[in-house]
Amino acid sequence: MLGEIWSTIVSNPILNLMILMYHFLGDNLGLAILGIATIVRLSLIPLVKRQTNMTKKMASLKPELDKLQKKYGNNKKKLGEEQVKLYRKVGYNPLGCIGTFIPQIIILSALIGVVRAVIGNELEGLYPWVQNLTSMSDGISIQTRFLIWDLTKSYKDISSEFGRISSEAIPYIGLSILVGVTQFFASTFTQKIQGLSKPDKGKKKKNKKKEEDPTEQMQKSMQKSTKFFLPLMTAYISITYPAALGWYWFVQSFLLVIQYFLLDFDKTKAGVQNMWDVLTKKKKKE
């Protein structure tokens, strides 16, 4: 029952979309995946806008939260109650950032199944009108070579056949590293955009010991885990699963940056400058 629902709502639509993209983009599976990644990123724009608005609301709440911290710092229960009231007043949701993460996990899970179907030439989920338009049907072979990879093969597949550091396996190792590094910089980039405020230089170091707001602690903890978890996860996926998924995540990372440019160019530009300042400062210290 659940399997049928999953196929009807998620898996089959992505399969049909991929076949349409494959057909109209010159029978190129890599370009088809790029097209799917673009559509997914465009569909997430409303959620990203909402997340951006949440970030702005949190920035606007900072003075009020500081006042509450100063007033009820010794009463944790009362402080928490007043913070919740303040959040409700402006419609702020501390967990709003999860809204963009969950859909991507769902789509990625469906994409894994679709790639496996393509590998086995099992296209029984195609809609009749898609079959007529593309002349594709169950059992027809799809060209899976893209650039230097066979998108239906993984590093594990290639290494077991030719060796772990063979010339055939190296491109897949490179893809895995590239995906992890790109995802790391994309995560760092977006966090810099969402955290442009800099600490006042005039404040004394004692202020750093000031107890941090629980919501800010939660946000920082989530950002830190996301910053390192996503790159490791995507690198692992690109090693253990077909290269198509690694290529998908690689494209997604670049599209994420482009999306922020389109949504808020000024803030993105400031985020780039902020990130550049951090990197140059690190180099000077070394």
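In this rough spin-label picture, where each label sits 7 Å from Cα along the Cβ direction, the I148-N74 distance is 6.6 nm. Once both labels are positioned 7 Å from their Cα atoms along Cα-to-Cβ, the gap between S135 and E64 label points is 6.3 nm.
Protection proxy ranking of 154-165, 25-36, 242-253, by the mean of other Cβ atoms within 10 Å over each peptide's residues and highest first, is 242-253, 25-36, 154-165. With the simple spin-label model, which puts each label point 7 Å out from Cα in the Cβ direction, the E168 to T38 separation comes to 3.3 nm. Pairs from the table (K62/K89; K49/K89; K49/K85; K49/K70; K49/K71) lying more than 26 angstrom apart at Cα are K49/K70; K49/K71.
In sequence order, the range 149-156 has phi-based couplings of 10, 8, 5, 8, 9, 10, 4, 4 Hz under the Karplus curve 6.51 cos²θ - 1.76 cosθ + 1.60, θ = phi - 60°, and Gly or Pro positions carry x.
Judged by the mean number of other Cβ atoms found within 10 Å, the most tightly packed of the peptides 230-238, 136-144, 7-15 leads the ranking 230-238, 7-15, 136-144.
FYI, it's all coordinate maths here, none of it is from the lab. Predicted model only: the values in this text are computed from it and were never measured. A quick note on method: Cβ atoms are made from the backbone with ideal geometry, for glycine too, and the neighbour counts reach across all protein chains shown.
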